[in-house]
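Novice: Following this message is one structure expressed as structure tokens.
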Amino acid sequence: EDRSISFPALSSDGDRLFYIEHDNRKRYLRSARFNTDDELVDEITILEVPFTGMMQYTAVAPDNGSIVLLVREGEKGNGNLVLCRRQSETDYDCNTLVHGPGTKVQPRFAPDGKRVYFSSDVDGIYNLYSVDINTRQVNRLTRTLTGFFYPTPAEDKLYAIAYFKEGYDVVAIPYDGLLGETVDYFEGIDPELREEGDQPEDDREGYFDTEVDTDEELIALGEDDSDTDPGDQDEAINPDDWEESDYIGPFSIRPYLLGLLGPVSAFNLAVGARDPLLRHSFLAGVGPSVPDPLAVAYYDYTRFSTGLSLGYATNYWKRDRASGCLNEDSNPLRFVCDDKYSFFESAYGYLRHTDQGRYLTTQVLLGYVHNKIRNARRLRAVEYDARDLNLSGPSFVFLAGDARYFARSISPERGWRLSLQTDYFTRPESKDRVEEYFEHQIEYGVAEGGLAFYLPSFWLNHVNYLSAYAYGSYGPDREVQQVRLNRFVRGQEYEKAAIDHSAIVFTYEYRLPLYWRSDAFIGGVAGLTLRNVGMSVFFDYGASFDRDIYKEDFTAGAYGVNLLFGLNVAYLHLPEMKLSFARGTGPAGEFQVNLSFSAEFSTGVVGAGGRPSHYDNDALIEPFHRSLPGFDGQAGYFRDRRAGGILE
């Protein structure tokens, strides 16, 4: 119940199973032996590393005398290929087989057991390599510009997965067609030892701790203290009873529940659905709002690098409502107005193209947006000089960047992100209503963009975050809207904040983890667990302006601290909770406290786990660096919940 098992590998005689197991403290390479009745005889621990380390891709030699896998003991780095040789029935000797720059993944033994094939991006592109397990000589086997993965050697051919323009295919390469070039990409290989043919010792003594607790060395059948009754086990699975059917994406969609428990979520009742290949994803939710509920629907289709996104949201249920009020709250005639709330209806559709690379990911979205706002003068995010508005027109978005997470990351720790977006509202679809019975066609656009950098500090997992962000309007009717600086700079009072047609803000944050990973329940309550605590100190500096920026426009700033809490409630992995304390400067400065959860209503909302995929080293599990676009943690997506400043 408190452990996870992955990467199983069976010995050739079917007598022993090797697998990776991890809990909240460590990761283990274990081996379990069974008798002819498939009953567990013994279980041993071969190798262990801290939880922040890495263990992946177990492979067993044909003679069952060795195991190879990917291991990283520390918190950072790509990991190394490690070879564990069996010394006795319960003892293995583990040494580094290949280490050095680049990612080294998916090892497999040759049929004769003398070589290990693997995939590596050491020269920038994933290709296939082999290493002699005695001399450690590494040979390059392929040279491609698109990537080779998962080498699977057979007697006469080497099979692999190759990436082409239209996706992934299985390829077969005769052994005499491989390059076989000796390379010195990897460190720690002594050429003299190659010539002598001796087994070199690992040059990092003590790198692996093969000693385990005495109570974990051997668990014999019958000594398990669990209360599971073998008689309660399900009957053996008979593959002959399995039913097969063709894959049809829309008919393979399966629903799942989405959202937080209790009133802390923007969507208290939400249901999502997706098919197993993540081509089709759908979300629908209803959440509390005043005076009417808020409803949201979202659909996404992805096919390799292209996709389609459709979205709709509204709180505009009663269509017979009168128009919004022209008078302010202080006006004695306010009582004749119909409602003090604003209502909206918005929809969008985008065609999307994603180009995901090793060092740069770009995403281009071209679409159409529609916004209907009633009683618009009650809004505070964007202030309109109109009662009601219809805003419709084309939209263009460009996203780019490359940001990396590491163990114990509370933020991207290295990289950058760029975001540019513009919506242009065209006649005759767009119009405003200044008078009760008079509509005026309008035409104008809004543009926004930002650039952020994640720079490492002197300590592990500490991050210096820098960002610049600008927002403004353009076109013949741009005067219809204005923005207040409190929307972009924290700690600013709404009534006193500077207001104009455009705004710009700069943010600096220093981010660091305070506490990481606990297997203890909060207050002794089962299912309530604190995962991590992080902190960041920040400073915002912004200005509100019309067309030109002047030095005197920079009259507002803010400084403060954020506390991040990762929680599991009812065993569900919740989005991070943020508690912010901000003190604004300038005429509108005030002290503010804010508590928030990440709603994550974006393409990431239909992803698994609520965390960026690279948080759990999926970039290594899928070494093509997410070449097939996913739905969580797009590398170029700027409004990440950890982006900081107003970019959140």
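Novice: So how many residues does segment 105-131 have that are of a type in the set (D, E, K, R) and without any contact (Cβ under 8 Å) to a residue 60 or more places away in the chain?
Specialist: 4
Table: residues versus (1) crowded, with 19+ Cβ neighbours inside 10 Å; (2) β-branched (V, I, T); (3) out of contact with any Leu (no Cβ under 8 Å at 6 or more places or on another chain); (4) without any contact (Cβ under 8 Å) to a residue 24 or more places away in the chain.
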residue	(1), (2), (3), (4)
F396	no, no, no, no
L399	yes, no, no, no
A403	yes, no, yes, no
T422	no, yes, yes, no
F425	yes, no, no, no
Y444	yes, no, yes, no
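Novice: Right, next: Being under 14 Å from Y368 (Cβ atoms) and not aliphatic (A, V, I, L, M) narrows it down to one of G401, G393, G415, so name that one.
Specialist: Residue meeting the stated conditions: G393.
Novice: Scan segment 280-322 for residues that are open to solvent by less than 60 Å² (accessible area, probe 1.4 Å), among the acidic types (D, E) and farther than 21 Å from Y368 by Cα and report the count.
Specialist: 1
Novice: Taking segment 122-174, which residues are of a type outside the set (D, E), outside any strand (DSSP E or B) and touching a strand residue (DSSP E or B) at 6+ places or on another chain (Cβ under 8 Å)?
Specialist: If the condition is that a residue be of a type outside the set (D, E), outside any strand (DSSP E or B) and touching a strand residue (DSSP E or B) at 6+ places or on another chain (Cβ under 8 Å), then V122, Y126, I133, R136, Q137, L141, T142, R143, T144, T146, G147 are the ones that fit.
Novice: Tell me, yes or no, whether segment 104-113 has at least one residue that is of a type in the set (V, I, T), buried (at least 16 other Cβ atoms within 10 Å of the Cβ) and part of a strand (DSSP E or B).
Specialist: Checking segment 104-113: at least one residue is of a type in the set (V, I, T), buried (at least 16 other Cβ atoms within 10 Å of the Cβ) and part of a strand (DSSP E or B).
Novice: Within segment 516-529, identify whether any single residue is open to solvent by 10 Å² or more (accessible area, probe 1.4 Å), in a strand (DSSP E or B) and at pLDDT 80 or above, and answer yes or no.
Specialist: Checked segment 516-529: no residue is open to solvent by 10 Å² or more (accessible area, probe 1.4 Å), in a strand (DSSP E or B) and at pLDDT 80 or above.
Novice: Follow-up question, since we're still on this one. Does segment 64-72 contain any residue that is outside any strand (DSSP E or B) and surrounded by 14 or more Cβ atoms within 10 Å (Cβ to Cβ)?
Specialist: Yes; the residues of segment 64-72 include at least one that is outside any strand (DSSP E or B) and surrounded by 14 or more Cβ atoms within 10 Å (Cβ to Cβ).
Novice: Look at L366 and say whether it is more than 30 Å from N464 (Cα to Cα), within 24 Å of the chain's Cα centre (by Cα) and at pLDDT 85 or above.
Specialist: When the stated conditions are applied, L366 passes them.
Novice: Filter segment 357-394 down to the residues that are in contact (Cβ under 8 Å) with a residue 60 or more places away in the chain, open to solvent by less than 30 Å² (accessible area, probe 1.4 Å) and within 23 Å of S419 (Cβ to Cβ) and list them by number.
Specialist: Once the filter is applied, which keeps residues that are in contact (Cβ under 8 Å) with a residue 60 or more places away in the chain, open to solvent by less than 30 Å² (accessible area, probe 1.4 Å) and within 23 Å of S419 (Cβ to Cβ), segment 357-394 yields G357, T361, Q363, V382.
Novice: Out of all the residues in segment 61-81, which are within 22 Å of the chain's Cα centre (by Cα) and small (G, A, S)?
Specialist: If the condition is that a residue be within 22 Å of the chain's Cα centre (by Cα) and small (G, A, S), then G74, G77, G79 are the ones that fit.
Novice: Output the strands (runs of 3 or more DSSP E) that fall wholly within segment 430-493 and possess 1 or more residues being of a type in the set (F, W, Y) and over 26 Å from the mean Cα position of the chain (by Cα), or say none.
Specialist: Correct list: 438-441, 444-456, 463-474.
Residue by residue, here is whether (1) over 22 Å from A347 (Cβ atoms); (2) of a type outside the set (S, T, Y); (3) at pLDDT below 90 holds:
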site	(1), (2), (3)
L391	no, yes, no
S395	no, no, no
H440	yes, yes, yes
G445	no, yes, no
F453	yes, yes, no
G472	yes, yes, no
P476	yes, yes, no
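Novice: Tell me which residues, restricted to segment 376-393, are not acidic (D, E) and not in a strand (DSSP E or B).
Specialist: Scanning segment 376-393 gives A376, R377, R378, L379, R380, A381, V382, A386, R387.
Novice: Identify all residues within segment 75-96 that are of a type in the set (D, E, K, R), open to solvent by 60 Å² or more (accessible area, probe 1.4 Å) and in contact (Cβ under 8 Å) with a residue 60 or more places away in the chain; write none if there are none.
Specialist: The answer is K76, D93.
Novice: Could you tell me how many of the residues in segment 530-559 are of a type in the set (S, T, Y) and modelled with pLDDT under 85?
Specialist: 2
Novice: Go through (1) assigned to a loop (DSSP other than H, G, I, E, B); (2) touching a residue at least 40 places away in the same chain (Cβ under 8 Å); (3) open to solvent by less than 60 Å² (accessible area, probe 1.4 Å) for V41 and report which single condition fails.
Specialist: Only one criterion in (1) assigned to a loop (DSSP other than H, G, I, E, B); (2) touching a residue at least 40 places away in the same chain (Cβ under 8 Å); (3) open to solvent by less than 60 Å² (accessible area, probe 1.4 Å) is unmet by V41, namely (1).
Novice: Another question, then. Being closer than 27 Å to Y494 by Cα, open to solvent by 60 Å² or more (accessible area, probe 1.4 Å) and touching a Gly at 6+ places or on another chain (Cβ under 8 Å), is that true of even one residue in segment 412-420?
Specialist: yes
Novice: Moving on to the next point. Can you tell which of P428, P412, P513 is modelled with pLDDT of 85 or more and under 30 Å from N532 (Cβ atoms)?
Specialist: P513
The values are calculated or read from the model by the stated rules, or taken from the named source; none is laboratory data. Please read all numbers here as calculations on a predicted model, not as lab measurements. All Cβ positions, even for glycine, are placed from backbone atoms using ideal geometry, and neighbour counts span all protein chains on display. Heads up: the accessible areas ignore ligands, DNA and RNA and are worked out on the full protein's heavy atoms, side chains in. Shrake-Rupley method; radii C 1.70, N 1.55, O 1.52, S 1.80 Å.
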